[in-house]
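Everything on this sheet refers to the single structure shown next.
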Amino acid sequence: MKRSPLARLWPNATAVVLFLGFAFPVYWMFSTALKPTSDIISEDPVWFPTGATLEHFRKAMDAEHFWTLVGNSLTVTLSAVGLSLLIALLASFALARMRFKGRRGFLVTFMIAQMAPWEVLVIAIYMLVRDGDMLNSLLPLTLFYMVMVLPFTILTLRAYVAAIPKELEESAMVDGCTRPQAFIRVIFPLLAPGLMATSLFGFITAWNEFPLVLILNKDPGAQTLPLWLSSFQTAFGDDWGATMAAASLFAIPILLLFLFLQRKAVGGLTSGAVKG
């Protein structure tokens, strides 16, 4: 049945409104970072920068410990994502292909872990790290970030592995491959969209995390970029130009990663949501 023009119009109009609603804060952040201070503190909003300047970006990048914090954030985030993918690959394959006692309970446990707010464990985490003499260290952050993203990673990859026909793996084994070889040569290449989706989710989660590093790492040289964003204050209040420039620098890696992985990530998320 042919749809009327009006029936086709409202979904498109709704999509445009939603896009503008999500895109405007990003535009305002980048535009404010480029505005001179006079435009930022003007009583009337300046929708477009009258004279673009990079002064706020220079101020943000000249802040103390900036490059150290960049290195800390990249180290913690990439390590947590890499470890979670390695563990999730093995666990998802076992959950999708093997039948063992307690398998269903294992899946339920991961679902509960995914739904439960980790903030209820902050006090226990702090006491554990303190008693282990690991405060102001990147290792606890890496391990806890990995644990935060691991349930979602396992559940998504498990659904994706389950969607791959067993016959492909069995054919490889008939041709002489062992089970690990069949996994590496046949299953692993087909998991690319799922790996992209879960790595993107893990990167965003670990990159943006704020409360845990605030509690565990008081040493400025052992902190990450989210805490750096709250440091741009003067005797007269917040320095909004430098704050927006810092937020723009903080968001650029995520935007670039999303644009690079967008197509495969969306495919991986939808496959993991409807199959398995």
Once label points are set 7 Å from the Cα along Cα→Cβ at both LEU128 and LYS166, what is their separation, rounded to one decimal in nm? 3.6 nm
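Sorted by mean Cβ packing within 10 Å, highest first, what order do the peptides 171-183, 196-208 take? Display every interim value, and only then the final one.
Details: 171-183: 13.5, 196-208: 21.7.
Per-residue Cβ counts within 10 Å, averaged per peptide and sorted highest first, yield 196-208, 171-183.
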What distance in nm lies between label points placed 7 Å from Cα along the C-beta direction at LEU54 and PHE19? 3.0 nm
How many nm is it between the label spots at ASP219 and VAL26, if each spot is 7 Å from the Cα in line with the beta carbon? 3.7 nm
Can you tell me, using C-alpha contacts under 8 Å and at least 6 residues apart, the relative contact order of the chain as a whole percent? 30 percent
Using only the Cα atoms of the chain, construct the convex hull and provide its projected area averaged over every direction, in square nanometres to one decimal. 22.1 nm²
With only helices counted (DSSP H, runs n ≥ 4, each -39500 (n - 2.57)), the per-residue ellipticity at 222 nm for the chain, to the nearest 500, works out to -23500 deg cm²/dmol
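Restricting attention to segment 23-115, which chymotrypsin sites (Phe, Trp or Tyr not before Pro) occupy a DSSP loop and are surrounded by at most 14 other Cβ atoms within 10 Å? All intermediate terms of the calculation are to be shown ahead of the outcome.
Numbers: sites: TYR27, TRP28, PHE30, TRP47, PHE57, PHE66, TRP67, PHE93, PHE100, PHE106, PHE110; in loops: TRP47, PHE100.
Here the sparse-neighbourhood loop sites are TRP47, PHE100.
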Which length gain, in nm to one decimal place, applies between MET111 and LEU139 when the Cα-Cα distance is subtracted from 0.36 nm times their residue separation? 7.5 nm
Between the Cα axis of helix 122-131 and the main Cα principal axis of the chain, the angle (0 to 90°, nearest 10) is 90 degrees
Helix 5-34 vs. the chain, principal-axis angle (Cα, 0 to 90°, nearest 10): 60 degrees
Rounded to the nearest 0.05, what FRET efficiency do ARG8 and ILE252 give with R0 = 35 Å and r taken as the Cβ-Cβ distance? Could you check? 0.45
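Scanning the chain for trypsin sites (Lys or Arg not before Pro) in DSSP loops with at most 15 other Cβ atoms within 10 Å, what's the longest stretch left with none? All intermediate terms of the calculation are to be shown ahead of the outcome.
On the way: sites that count: LYS2, ARG3, ARG99, LYS101, LYS218, LYS275.
It runs 102-217.
Computed from the coordinates by the stated procedures, all read-outs in this text should not be read as laboratory data. Predicted, not measured: the structure shown is a model, and the values here were computed from it. Ideal geometry is used to build each Cβ from the backbone, glycine not excepted, and the neighbour counts take in all protein chains shown.
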